[in-house]
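Quick note: the coordinates plus some simple rules give every number you see, no bench work behind them. Everything numeric here is computed off the predicted structure, so don't read it as measured data. Cβ coordinates were reconstructed from backbone atoms using ideal geometry, including for glycine residues, and neighbour counts include every protein chain displayed.
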Amino acid sequence: MRLTAEQQKQFFAMRKALDGFVAKIVDSPAEINENPAAIRIWKPGVFALNDVRQHRGVPYKCVQAHDSTANPGWTPDAVPALWMQYHGTTIETARPWVAPTGAHDMYKAGEFMIWTDGAVYRCVEDTTFTPWAYPAAWEVM
């Protein structure tokens with residue numbers, strides 16, 4: 001499915017609303033205890049494997065335990081060896097394409113993404129390739 005400019009605008013507005021609804025963003029351990037579904041905002045610190053943080057409105061999962069206290073530039077979007085951006089699991093949660101850096105953040109069958117042409121694609125087999133490099137791994141919705 002190819003989206004018109006107006007449909008893309010509506011889609012991203014809906015996506016933003018859903019992101020706010022799905023997980024309340026908090027920054028205090030007390031709030032995390034009160035709302036286990038909450039996603040804490042990223043700031044430098046000590047992270048364990050599978051910790052989840054939100055950075056610039058995007059949820060990330062820690063894929064390598066590390067301490068970024070002395071390295072504040074190790075943000076989730078800057079160091080993909082440490083963090084993996086979550087992929088959309090529905091058309092509504094599709095996020096713009098992010099090139100995988102390895103097996104830990106490859107697109108899995110059933111995940112969705114928005115390609116550079118504005119179309120939403122569903123992954124039909126695990127892959128690190130784009131729809132143009134390996135079309136058999138993707139289907140346009």
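The residues packed around PRO44, meaning those with a beta-carbon under 12 Å from its beta-carbon, carry a net charge of +1 if Lys and Arg are +1 and Asp and Glu are -1. Shown is the FRET efficiency for GLN7 and TRP132, computed with R0 = 22 Å from the Cβ-Cβ distance and rounded to the nearest 0.05: 0.50. Simple spin-label estimate for ALA48 and VAL98 gives 2.2 nm between the two label positions (7 Å along the Cα-to-Cβ direction from each Cα).
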